[in-house]
Each structure stands twice: as structure tokens, then as C-alpha cells.
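Trainee: One structure coming up, written as C-alpha cells, with questions to follow.
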Amino acid sequence: MAEHFDIRMLRQQDIILSRNKGGVIQGTVNEKYYDELIVYRCFPFQYDSSYISIRNAEDEELGIIREIEELDKESACVLKEELELRYFLPKVSRIDSVKNKSGLWIWELQTNLGPTRMVMRNLHEHLLYPGEGWIIITDMNGKRCEIKDWRMLDSHSQKQLQEII
């Protein structure tokens with residue numbers, strides 16, 4: 001019996017994934033069929049296609065996939081789609097302004113889905129820096145978006161960030 005802290009790496013022959021008619025991921029892991037499988041990226045999150053945790057419906061980890069590309073084509077496609085849905089974040093293309101008014105930080109942003117406004121009481125609790133220039137912004141209502149690499153933003157946006165960080 002595996003201990004809770006054991007890490008079980010899954011190889012291509014250990015896992016087959018597909019979607020049922022309702023869109024739920026199902027499949028076979030280590031020769032056992034599961035009606036529902038849940039997937040998560042392992043920390044650190046900057047590896048989009050590496051170290052993917054596969055869990056059953058009870059959230060028990062069945063194993064970890066080292067690289068999505070090691071899976072068969074259909075399983076890899078299903079897994080990529082699911083991760084895109086789970087970790088969907090609008091991408092910031094420009095920071096129009098960041099202002100502090102009455103103790104609230106108000107961000108006016110342009111994203112790949114259009115303009116948005118984010119409001120937060122402080123910056124420390126609402127900005128995450130996973131690494132490599134990546135910033136995840138979460139506002140007071142839980143709305144999130146990401147700057148994939150702040151160094152790639154236009155000079156106006158970089159200046160807005162440098163004034164507050």
C-alpha cells in the first residue's frame with residue numbers, strides 16, 4: 001500500500017484519457033478505469049505542461065505525469081484542454097493606470113478579452129510572482145488576470161508597474 005507522501009510517476013502506458021459525453025475527463029490509470037478524473041498543475045505553476053497531478057473524484061492522487069507530450073496524442077489533447085479550462089486567466093496586454101484612491105488600488109487594464117478594472121485594498125495580498133516576470137493579479141472580488149512577462153509590456157505599462165512595485 002502506497003504511503004500518502006509517495007510520488008508515483010505515470011508513464012505513457014499507465015494512463016489513457018478521454019472525455020465522456022458530458023465533457024468530464026475519464027480514463028484508465030494503472031489498469032483501473034475511473035468515471036471522473038481531476039487534473040492539477042503541481043507547484044511551481046510556471047511549467048504549463050510538466051508535472052501534472054492526476055486525481056480521482058475523491059481528490060486522491062493517482063500519479064503525476066512528467067510531461068504531457070509523453071502521452072498518446074488523444075490523452076495529451078484532452079489533458080491540455082482541461083488545464084486551459086482549469087487555469088484560465090485573461091492575459092494583460094497593457095496597464096492603462098494604477099491609482100490609489102481612498103485607500104483602494106484601482107487598476108485599469110487591457111486584456112485579451114477586453115478592458116477591465118480591478119480594485120484591491122493592498123498590493124501585497126493581491127499580487128503573486130510565480131517567477132520569470134510572471135505576475136498574477138487578484139482583486140477584492142476574486143477576479144484574476146495575469147501578466148505573463150511584465151518585461152514584454154509596452155514602456156507605459158512597465159512604468160505603471162515600476163511605480164508601485
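Trainee: Checking the structure you have, find out if any residue of region 70-78 is touching a Lys or Arg at 6+ places or on another chain (Cβ under 7 Å), outside any strand (DSSP E or B), touching a residue at least 24 places away in the same chain (Cβ under 8 Å) and open to solvent by less than 70 Å² (accessible area, probe 1.4 Å).
Mentor: Yes, some residue in region 70-78 is touching a Lys or Arg at 6+ places or on another chain (Cβ under 7 Å), outside any strand (DSSP E or B), touching a residue at least 24 places away in the same chain (Cβ under 8 Å) and open to solvent by less than 70 Å² (accessible area, probe 1.4 Å).
Trainee: On to the next question. Please determine, by comparing only the residues of region 5-21 that are in a loop (DSSP other than H, G, I, E, B) and open to solvent by 70 Å² or more (accessible area, probe 1.4 Å), which one is modelled with the lowest pLDDT.
Mentor: Taking region 5-21 as the starting set, the residues that turn out to be in a loop (DSSP other than H, G, I, E, B) are 5-8, 11, 20-21.
Cutting the leftovers down to open to solvent by 70 Å² or more (accessible area, probe 1.4 Å) gives us 5, 7-8, 11, 21.
On the way: Phe5: 70, Ile7: 86, Arg8: 92, Arg11: 93, Lys21: 92.
Per the criteria, the residue is Phe5.
Trainee: Among the residues of region 99-115, write down those that are outside any strand (DSSP E or B) and polar (S, T, N, Q). Steps first, please.
Mentor: Let us first name the residues in region 99-115 that are outside any strand (DSSP E or B), namely 102-103, 112-113.
Selection gives Ser102, Asn112.
Trainee: So, one more: Which number in (1) part of a loop (DSSP other than H, G, I, E, B); (2) modelled with pLDDT under 90 marks the one condition that Leu85 misses?
Mentor: Checking Leu85 against (1) part of a loop (DSSP other than H, G, I, E, B); (2) modelled with pLDDT under 90, the one that fails is (1).
Trainee: Output the residue which, of all residues in region 119-143 that are within 19 Å of Tyr47 (Cβ to Cβ) and in contact (Cβ under 8 Å) with a residue 12 or more places away in the chain, is most open to solvent (accessible area, probe 1.4 Å). Give the derivation first.
Mentor: We begin by selecting, within region 119-143, every residue within 19 Å of Tyr47 (Cβ to Cβ); these are 128-136.
Now restrict to residues that are in contact (Cβ under 8 Å) with a residue 12 or more places away in the chain: 130-136.
Values: Pro130: 40, Gly131: 24, Glu132: 138, Gly133: 15, Trp134: 25, Ile135: 5, Ile136: 15 Å².
Among those residues, the one meeting the criterion is Glu132.
Every residue, every condition in (1) farther than 27 Å from Asp48 by Cα; (2) of a type outside the set (A, V, I, L, M, F, W, C), yes or no:
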position: Arg94; (1), (2): no, yes
position: Gln110; (1), (2): no, yes
position: Thr116; (1), (2): no, yes
position: His126; (1), (2): no, yes
position: Gly131; (1), (2): no, yes
position: Ile135; (1), (2): no, no
position: Gln158; (1), (2): no, yes
position: Glu163; (1), (2): yes, yes
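Trainee: Taking the condition of being open to solvent by less than 80 Å² (accessible area, probe 1.4 Å), at negative phi and not acidic (Asp, Glu), how many residues in region 88-111 meet it? Write out each step before concluding.
Mentor: Going through region 88-111, the residues open to solvent by less than 80 Å² (accessible area, probe 1.4 Å) turn out to be 89-90, 92-93, 95-98, 103-111.
Of the ones still in play, those that are also at negative phi are 89-90, 92-93, 95-98, 104-111.
Now restrict to residues that are not acidic (Asp, Glu): 89-90, 92-93, 95, 97-98, 104-107, 109-111.
Residues flagged as open to solvent by less than 80 Å² (accessible area, probe 1.4 Å), at negative phi and not acidic (Asp, Glu) within region 88-111 amount to 14.
Trainee: In region 57-69, how many are assigned to a strand (DSSP E or B) and open to solvent by 10 Å² or more (accessible area, probe 1.4 Å)? Write out each step before concluding.
Mentor: Applying the first criterion (assigned to a strand (DSSP E or B)) to region 57-69 yields 61-67.
Now narrow it down to the ones that are open to solvent by 10 Å² or more (accessible area, probe 1.4 Å): 61-62, 64, 66-67.
Summing the residues that are assigned to a strand (DSSP E or B) and open to solvent by 10 Å² or more (accessible area, probe 1.4 Å) in region 57-69 gives 5.
Trainee: Considering each of Tyr51, Tyr40 in turn, give the residue that is open to solvent by 90 Å² or more (accessible area, probe 1.4 Å), touching a residue at least 12 places away in the same chain (Cβ under 8 Å) and closer than 30 Å to Ile135 by Cβ.
Mentor: Values: Tyr40 fails: open to solvent by 90 Å² or more (accessible area, probe 1.4 Å).
Answer to the selection: Tyr51.
Trainee: Of all residues in region 23-42, which are assigned to a strand (DSSP E or B) and either under 13 Å from Ser53 (Cα atoms) or touching a His at 6+ places or on another chain (Cβ under 7 Å) (or both)?
Mentor: In the first step, residues of region 23-42 are kept if they are assigned to a strand (DSSP E or B); the result is 25-29, 32-34, 37-41.
Hits for region 23-42 are Val29, Leu37, Ile38, Val39, Tyr40, Arg41.
The values are calculated or read from the model by the stated rules, or taken from the named source; none is laboratory data. The structure presented is a predicted model; accordingly, all values stated were derived computationally and were not measured. We place every Cβ from the backbone using ideal geometry, glycine too, and count neighbours over all the protein chains shown. All accessible areas refer to the heavy atoms of the entire protein, side chains included, with ligands and DNA or RNA removed. Shrake-Rupley method; radii C 1.70, N 1.55, O 1.52, S 1.80 Å.
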